[in-house]
Amino acid sequence: MKPFLVLLSAVAGMFAQTDPLSLPRIVQKEGRYALLVDGAPYLILGAQVNNSSAWPAVLPKVWPAIEYLQANTVEIPVYWEQFEPEPGRFDYSTVDTILGQAREHHVRLVLLWFGTWKNASSHYMPLWMKRDPERYPRMIGANGRLVDSPSPHAPATLAADKHAFAALMRHLKATDPHRTVIMVQVENEAGTYGSVRDHSPDAQKAFEGPVPAELLAALDKHPGSPSATWSEVFGADADEFFHAWSVAHFIGQVAAAGKAEYPLPLYANAALRDPLHPGPPGSYESGGPTDNVLPIWKAAAPALDVLAPDIYQDDPARYLKALELYRRPDNPLFVPETGDSPASARFFFAALGHGATGYAPFGIDYTGYSNAPLGAARLDEESLAPFALNYTLIGPIMREIARLNFEGKLQTAVEEKDEHSQTLAFGVWKAVVSYGLPQFGFGNNPRGNPEPIGRALVAQLADNQFLVAGLFCRVDFQLSDASSGKQREYLRVEEGKSIRIWNGDQTDWGLNFTAAPQVLRVTLGAY
Ligand code: DGJ
């Protein structure tokens with residue numbers, strides 16, 4: 001083959017085939033990201049189980065919920081207390097059971113390392129560590145009292161966590177040639193409630209010492225003196241930034257130790273500040289990867305590939321803002337936890353529109369436990385249905401969606417109360433999304449669903465070709481330039497892979513989507 005033909009076919013074939021042996025990894029192109037699994041872009045249609053559901057005896061209550069949801073990836077904890085019951089003795093049996101059952105159920109795994117931090121506390125430390133608080137200390141608050149959060153200034157804790165996490169990653173490398181595990185979360189919602197930073201003697205000494213040169217360089221800070229202290233450089237932010245650096249630097253070292261064994265993509269998740277109106281430091285978890293300290297985390301923990309928001313929000317403005325804050329040129333967007341209220345299911349589409357590589361509602365299993373507010377139904381097929389609908393629709397095209405997103409071709413819309421119509425711009429074309437019923441007739445546009453549950457996705461395949469999918473909405477196309485006097489024409493609207501061609505009532509008034517999972521390939525003309 002001539003050289004230029006080789007090159008051409010290499011580009012055309014990029015991602016065309018999957019390679020099951022290749023290591024999962026994250027790639028970046030012009031500020032957009034893809035998670036490559038089996039060598040091709042992959043979209044995590046995830047589900048995270050409840051905290052205490054990763055025990056072999058409980059797994060039978062996990063799989064039916066995962067199957068009903070049609071998730072392709074399960075996020076599931078590995079508990080340090082189970083994994084290292086005695087110092088240096090590792091028990092791989094639970095991890096092995098989870099891996100084996102995940103393969104049987106044809107899903108991938110994201111393992112959650114519940115290590116030094118779990119929701120700010122150290123409750124998952126093994127018993128032998130809990131019984132030795134001198135060696136593995138908690139933090140001390142400004143008032144001199146102990147805080148229920150591990151000190152990030154404890155060398156023995158760091159050494160133990162690195163050792164255990166490295167053992168986990170080494171074991172995965174040895175036993176998971178199938179790449180069942182595609183990503184690992186390092187700790188869980190690290191940081192602290194109840195004190196902005198650690199006031200233990202070691203922490204205090206570091207706080208009164210110089211800001212590390214690599215942080216100054218990363219933040220482009222140039223204090224007059226190289227020994228400038230945290231307070232001198234950061235003023236009122238000093239306590240919070242110091243704690244963020246301390247926690248991130250600790251976790252960065254744990255992550256690096258694991259990555260040296262087996263270089264899977266690694267991430268840390270964040271308990272968010274209010275995305276629109278954050279309160280003062282101390283009113284949210286301090287030290288974790290909140291939106292205001294992402295550059296500090298990036299500098300302190302380069303072994304982490306992703307800093308990921310756990311988004312528990314029903315308010316669209318706040319949900320969208322959280323997505324915006326974590327989608328950065330230096331950070332792939334991944335939503336590892338999100339609420340399971342029915343109305344929030346539509347935000348899956350918002351995440352896709354922000355280029356997300358994955359998304360996972362939390363608490364997905366039939367153990368009967370629910371974090372939902374009192375009075376809400378426990379998790380069952382009825383409450384899972386809005387989420388299952390997302391995955392039923394997108395599952396069959398998830399590779400294509402991940403690729404189109406990586407190429408910057410995809411946009412989405414989600415319904416907001418009292419906002420019945422939204423427009424997505426695609427050069428000469430615009431897609432107008434309106435929500436609800438009726439389906440029939442011009443000038444008779446849908447006026448919103450009784451509850452805001454509508455969602456739509458439009459991706460440009462070629463100049464005049466689009467992939468369109470949606471739920472509870474109408475999508476119609478118009479020429480962007482109204483002065484052209486031209487009208488759109490549906491030349492061909494194909495449903496699925498050769499299921500049928502839409503025409504007549506199904507296209508005359510726009511493309512109407514109900515609860516039926518339908519994906520259309522639309523070719524437009526103008527007259
Ligand atoms: C966020 C944590 O990361 C999860 O482990 C779990 O505790 C949820 N909160 C509960 O809503």
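The values are calculated or read from the model by the stated rules, or taken from the named source; none is laboratory data. Just so it is clear, the structure is predicted and the values come from calculations on it, not from any experiment. Note: ideal-geometry Cβ built from the backbone for every residue, glycine included; neighbour counts use all protein chains shown. Surface areas here come from the heavy atoms of the whole protein model, side chains and all, with no ligands, DNA or RNA. Shrake-Rupley method; radii C 1.70, N 1.55, O 1.52, S 1.80 Å.
The table for this structure:
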{"quantity": "Solvent-accessible area, 1.4 Å probe, carbon plus sulfur percent, for the stretch 70-111", "calculated": "45"}
{"quantity": "Heavy-atom surface of the chain, accessible at 1.4 Å and reported per residue (Å²)", "calculated": "42"}
{"quantity": "Trypsin sites (Lys or Arg not before Pro) restricted to the stretch 183-285 and DSSP loop, no more than 16 other C-beta within 10 Å", "calculated": "221"}
{"quantity": "Pairwise centroid distance, computed over Cα atoms, of the stretch 485-527 with the stretch 251-308, Å", "calculated": "44"}
{"quantity": "DSSP beta bridge pairing in the chain, given as percent antiparallel to the nearest 5", "calculated": "65"}
{"quantity": "Restraint check, 162/321; 409/497; 173/497; 29/321; 61/321, Cα-Cα greater than 29 Å", "calculated": "162/321; 173/497; 61/321"}
{"quantity": "Distant-in-sequence amide H partners of residue 26 (H built 1.01 Å from N, under 5 Å)", "calculated": "36"}
{"quantity": "Environment charge of residue 89, counting only residues whose C-beta is closer than 15 Å and scoring Lys/Arg +1, Asp/Glu -1", "calculated": "-3"}
{"quantity": "Accessible carbon and sulfur surface of the stretch 333-405 relative to its total accessible area, %, 1.4 Å", "calculated": "58"}
{"quantity": "Student exercise, the stretch 414-526 dipole from Lys, Arg, Asp, Glu Cβ charges, in Debye to nearest 20", "calculated": "240"}
{"quantity": "Positive minus negative residues near residue 240 (Lys, Arg vs Asp, Glu; Cβ under 14 Å)", "calculated": "-3"}
{"quantity": "Charge context of residue 390, other residues only, Cβ under 13 angstrom, K/R +1, D/E -1", "calculated": "+1"}
{"quantity": "Mean-position separation - Cα centroids, the stretch 10-75 and the stretch 142-166, in angstrom", "calculated": "31"}
{"quantity": "Per-peptide average of other Cβ atoms within 10 Å, ordering 304-312, 319-327 highest first", "calculated": "304-312, 319-327"}
{"quantity": "Positive-end extreme of charge dipole, the chain - chosen from 59, 246, 393 (charges on Cβ)", "calculated": "393"}
{"quantity": "MRE, 222 nm, helices only [DSSP H, n ≥ 4, -39500 (n - 2.57), over the chain, to nearest 500]", "calculated": "-8500 deg cm²/dmol"}
